[in-house]
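> Dropping the structure in here first, questions after.
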Amino acid sequence: MAQISLTFPDGNARSYDAGVTPAQIAADISTSLAKKAISATVDGKHWDLQWPISADAQIAIHTMADEAQANELVRHDLAHIMARAVQEIWPATKVTIGPVIENGWYYDFDRAEPFTPEDLGLIEKKMKEIINKREPVTTEVWERTRAIEFYKANNEPYKVELIEAIPGTEPIRMYWHGHWQDLCRGPHLQHTGQVPGDAFKLMSIAGAYWRGDSKRPMLQRIYGVAFTGKEKLKAHLHMLEEAAKRDHRKLGREMDLFHMQEEAPGQVFWHPNGWTIYTELQDYMRRQQRRGGYVEVNTPQVVDRKLWERSGHWEKYQENMFIVEVDEEHAREKAVNALKPMNCPCHVEIFKVGLKSYRDLPLRMAEFGSCNRYEPSGALHGIMRVRGFTQDDAHIFSTEEQIEAETAEFIRFLSAIYKDLGFESFKVKFSDRPETRAGSDAVWDKAESALLSATRAAGIEPELNPGEGAFYGPKLEFVLTDAIGRDWQCGTFQVDFVLPERLDASYIGADGAKHRPVMLHRATLGSFERFIGILIEEHAGKLPFWLAPRQVVVASITSEADDYVHQVVAELRAAGVRAEADTRNEKINYKVREHSVGKVPVILAVGQREVEERTVSVRRLGEKQTSVQSLADVTKELGRAATPPDLL
Ligand SMILES: [Zn+2]
Ligand SMILES: [Zn+2]
C-alpha cells in the first residue's frame with residue numbers, strides 16, 4: 001500500500017498507509033488521545049476523525065481543549081441532536097438546515113403546529129437523553145440518485161431540494177447520530193457523549209422562510225447556544241441578561257429619548273430628551289474639533305449620479321444607496337440623484353475650489369455629515385444599525401510625509417475624547433494591504449509603516465487584520481469594550497490614495513509642480529446614533545451628569561411649596577443645569593419612582609420646611625439616602641457637574 005507522510009505541529013513527520021484516518025492516528029499515539037480526540041486539521045481544513053487522508057499533509061489532532069474547533073463541533077452536533085430530538089417527539093416534522101452561528105446554532109423545521117416555549121424544555125430533555133446514550137457518529141458518501149430516492153421515500157422534500165442544489169462535482173455526504181441521519185458536510189464529533197450535556201440551552205423560536213424567500217414555506221427556527229463548559233454557558237447567559245437590562249431600545253422608551261416607526265424604517269424620531277443628548281455630544285465634538293485645528297463644512301444631501309460615477313460609488317456601492325429621481329422642470333426627463341451615503345466626494349469638491357498649496361496642508365475638513373444608506377430591514381437594530389445617520393466625519397488632506405504625524409495627532413484627539421466619555425482604554429486593529437489594490441508597493445510600505453509607528457508611539461500595540469485594508473489604502477479601527485465585555489468598533493482612520501486621483505484634486509508643492517494630496521478619512525465616534533446607543537447601554541441609562549437629558553427634577557411635597565419649586569428651577573437653569581419642575585398633585589414617592597425609571601440623576605424634593613430654610617432634600621439616582629442641603633450649595637455643585645468635561 002502507498003505510504004504518505006504526515007507532519008505534526010511539533011515538526012515531526014510519520015509515515016502511514018494512504019487512507020489512514022485521524023482516528024487511527026490518534027489510537028496509534030495513545031489510547032487516551034483516541035478517547036479525547038474530537039477532530040483534526042489537515043492542511044488547514046477542519047477534518048472529521050473518520051475521513052481518510054490520501055496524500056502527504058500537515059496534521060493536528062484536536063481535543064476539547066482546542067476552543068475554536070470544540071465550539072464548532074459541539075454546536076454543530078447539537079444542531080443534529082436537536083433535529084433528532086424534534087423528530088423523535090413529533091415524527092411528522094420535516095427537517096431542513098441547521099447551521100452553526102455565533103455562540104450556538106439554529107435549525108429550521110417544517111411542522112404544522114407551532115412550537116411553544118414549553119416545547120423547548122421537552123426538546124432539551126430529549127437532547128440530554130441522546131447525549132447520555134453516547135451513540136456513535138458515523139458518516140458515508142452516497143451516490144446522488146440513491147440519496148435523492150432515500151429522501152423522497154422518507155418524505156423529506158427539503159433535503160431533496162438541497163441535494164439537487166449541490167454541484168455535481170461535490171460528494172453527497174451523510175451523517176448518522178445513532179440511528180438518526182442527516183445530509184451534512186461535517187465534520188462531527190466521535191459520539192454524542194462528547195457533547196457537554198450541561199453547557200447548552202435552547203433560547204427561542206422564530207419564523208423563517210425556506211431559503212429566505214417570502215414566496216416559499218414559512219418554517220419554524222429554534223435557536224440554541226452552546227459552549228465547551230457549564231461555566232462559559234453561565235457567563236454567556238449572565239451577559240445576555242445584563243444586555244437585556246441595558247438594551248437602548250427599552251431605555252429609549254423609559255427615558256423618552258426617541259422612537260422609530262414603520263413609515264421610516266431605520267430612521268430615528270428624536271424626542272426632546274434624546275435630542276438633548278445628541279446636541280450636547282455634538283456641541284462637545286464641535287469644540288474638540290475647533291481645538292484640534294479642523295474646519296467645519298456642510299455638503300448637500302441629494303447629489304447627481306455623475307459625481308457618484310466619478311467617485312466610483314455608483315459602480316461599487318449602488319445597492320446601498322437611496323436613488324432619487326426627479327423630473328427636472330417637468331421635462332418628462334428624469335434626473336437621477338442619490339442621497340449621499342458618505343461625505344468624502346463632496347469634501348474633495350470643496351478642496352478643489354481655489355488653488356491649494358503645500359502651505360495649506362494638512363487641511364482637516366470636518367462635517368457632521370448626514371448620510372443615508374440602504375440596509376436590509378432585517379439588519380436594522382434600534383438606533384445602533386440605521387439607514388439615516390450622522391457621522392462625526394472628517395477628511396484630512398495631507399502629503400505622504402504628513403501621514404504619520406496626522407495619525408499620531410488623531411490618536412491623541414480620539415484618546416482624549418473617549419476618556420471624557422468614560423472609556424479609559426480601547427483596542428486598535430490595523431488592516432494592511434489586500435491582494436487587489438491601487439498604488440505602488442513603495443507607497444503602501446510608507447503608509448503602513450506610518451500608521452504602525454504612530455500607533456506604537458502612542459503606547460498601543462495594534463492587532464493585525466492581515467489583508468483587510470481597503471483597495472485604496474491601509475486603515476486603523478478603534479474598538480471600545482463596554483461594561484459587559486462587548487466590543488464596539490467606533491473610530492476609523494483610513495489612508496486613501498485613490499479618491500483624490502479619481503476626482504482630480506491637487507496642490508502646488510514647494511517645487512512649484514502639481515501634486516496629489518493623500519486623503520485620510522477619519523471618524524471618532526462613528527455615527528452619533530450608534531454612539532449614543534453604545535453610551536446608553538454602557539451606562540445602563542445612567543449617563544454622565546453633563547450628558548443626562550433631564551439632569552434635575554425639582555418636586556414639590558405639598559402644593560404650598562410650588563412657588564419655591566419654580567424659584568429653585570430658575571436658579572438651577574441660570575447655573576447651566578437642565579432642571580424641570582414637578583408640581584403635580586401626586587405623592588412624593590410616586591414622583592421619585594417615576595423619575596428614577598426615567599433615569600433622572602438628581603431629584604430635589606421640597607416641602608414646607610425646605611421653603612422656610614431655603615434648602616432642598618437631595619436624592620441621587622440609585623441611592624436610598626437623602627440629604628438636606630442649602631439651595632446655594634446645591635446650585636453651585638450641580639452647576640459644576642453639568643459643565644462638559646472639556647470646559648471645566
Ligand atoms: Zn450538519
Ligand atoms: Zn471619507
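The values are calculated or read from the model by the stated rules, or taken from the named source; none is laboratory data. These numbers come from a predicted model, not from an experiment. Positions of Cβ are backbone-derived with ideal geometry, glycine not excepted, and every protein chain shown enters the neighbour counts. Side chains are part of the model used for accessible areas, which takes the heavy atoms of the whole protein and leaves out ligands, DNA and RNA. Shrake-Rupley method; radii C 1.70, N 1.55, O 1.52, S 1.80 Å.
> What single numbered condition from (1) open to solvent by less than 50 Å² (accessible area, probe 1.4 Å); (2) in contact with a Phe, Trp or Tyr (Cβ under 9 Å, 6 or more places away or on another chain); (3) farther than 16 Å from Cys184 by Cα fails to hold for Glu113?
The number of the failed condition is (1).
> Also, quick follow-up: Where residues in segment 36-65 are assigned to a loop (DSSP other than H, G, I, E, B) and free of Cβ contacts under 8 Å to residues at least 24 places away in the same chain, which of them is surrounded by the most Cβ atoms within 10 Å (Cβ to Cβ)?
So the residue we want is Asp43.
> With the requirement that a residue be without any contact (Cβ under 8 Å) to a residue 24 or more places away in the chain and either buried (at least 18 other Cβ atoms within 10 Å of the Cβ) or at negative phi (or both), what does segment 353-379 give you?
If the condition is that a residue be without any contact (Cβ under 8 Å) to a residue 24 or more places away in the chain and either buried (at least 18 other Cβ atoms within 10 Å of the Cβ) or at negative phi (or both), then Val353, Arg359, Pro376, Gly378, Ala379 are the ones that fit.
> Also, I was wondering about something else. Filter segment 483-511 for residues that are more than 16 Å from ligand 2 (Cβ to nearest atom) and within 14 Å of Tyr358 (Cβ to Cβ); which is surrounded by the most Cβ atoms within 10 Å (Cβ to Cβ)?
Checking each candidate, the answer is Tyr507.
> Would you be able to say whether some residue in segment 215-234 is in contact with a Leu (Cβ under 9 Å, 6 or more places away or on another chain), more than 26 Å from Lys133 (Cβ to Cβ) and surrounded by 13 or more Cβ atoms within 10 Å (Cβ to Cβ)?
no
> Oh, and also: I want to confirm something. Restricting to segment 590-629 and keeping residues that are of a type in the set (Gly, Ala, Ser) and surrounded by 13 or more Cβ atoms within 10 Å (Cβ to Cβ), which single residue is nearest to Pro549 (Cα to Cα)?
Among those residues, the one meeting the criterion is Gly598.
> Let me ask another. Considering only segment 96-110, state which residues are farther than 16 Å from His188 by Cβ and surrounded by 18 or more Cβ atoms within 10 Å (Cβ to Cβ).
Hits for segment 96-110 are Thr96, Asn103, Gly104, Tyr106, Asp108, Phe109.
> Another one. Yes or no: segment 555-576 includes at least one residue that is buried (at least 16 other Cβ atoms within 10 Å of the Cβ) and closer than 19 Å to Leu257 by Cα.
For segment 555-576, residues buried (at least 16 other Cβ atoms within 10 Å of the Cβ) and closer than 19 Å to Leu257 by Cα: absent.
> While we're looking at this one, here's another question. May I ask you to verify whether Gln190 is touching a residue at least 40 places away in the same chain (Cβ under 8 Å), within 16 Å of ligand 1 (Cβ to nearest atom), of a type outside the set (A, V, I, L, M) and open to solvent by 20 Å² or more (accessible area, probe 1.4 Å)?
Here the answer is yes, as Gln190 does meet what is asked.
> Sort out which residues of segment 224-283 are free of Cβ contacts under 8 Å to residues at least 60 places away in the same chain and β-branched (Val, Ile, Thr), and write them in order of number.
Thr279
> Kindly indicate whether any position in segment 452-460 is outside any helix (DSSP H, G or I) and open to solvent by less than 40 Å² (accessible area, probe 1.4 Å).
Yes: segment 452-460 contains one or more residues that are outside any helix (DSSP H, G or I) and open to solvent by less than 40 Å² (accessible area, probe 1.4 Å).
> Considering only segment 185-197, I want to know if a residue exists there that is outside any strand (DSSP E or B) and either more than 23 Å from Ala34 (Cα to Cα) or within 16 Å of ligand 2 (Cβ to nearest atom) (or both).
Looking for residues that are outside any strand (DSSP E or B) and either more than 23 Å from Ala34 (Cα to Cα) or within 16 Å of ligand 2 (Cβ to nearest atom) (or both), one finds none in segment 185-197, hence no.
> List pairs: first residue in segment 299-321 and open to solvent by 70 Å² or more (accessible area, probe 1.4 Å), second residue among the polar types (S, T, N, Q) anywhere in the structure, Cβ distance under 6 angstrom, at least six positions apart or on different chains.
Val302/Asn337
> Has segment 17-26 got at least one residue that is in a strand (DSSP E or B) and over 24 Å from Asn71 (Cβ atoms)?
Yes, that holds for at least one residue.
> Go through segment 397-420 and give me each residue that's of a type in the set (A, V, I, L, M) and surrounded by fewer than 19 Cβ atoms within 10 Å (Cβ to Cβ).
Ala405, Ala408, Ala416
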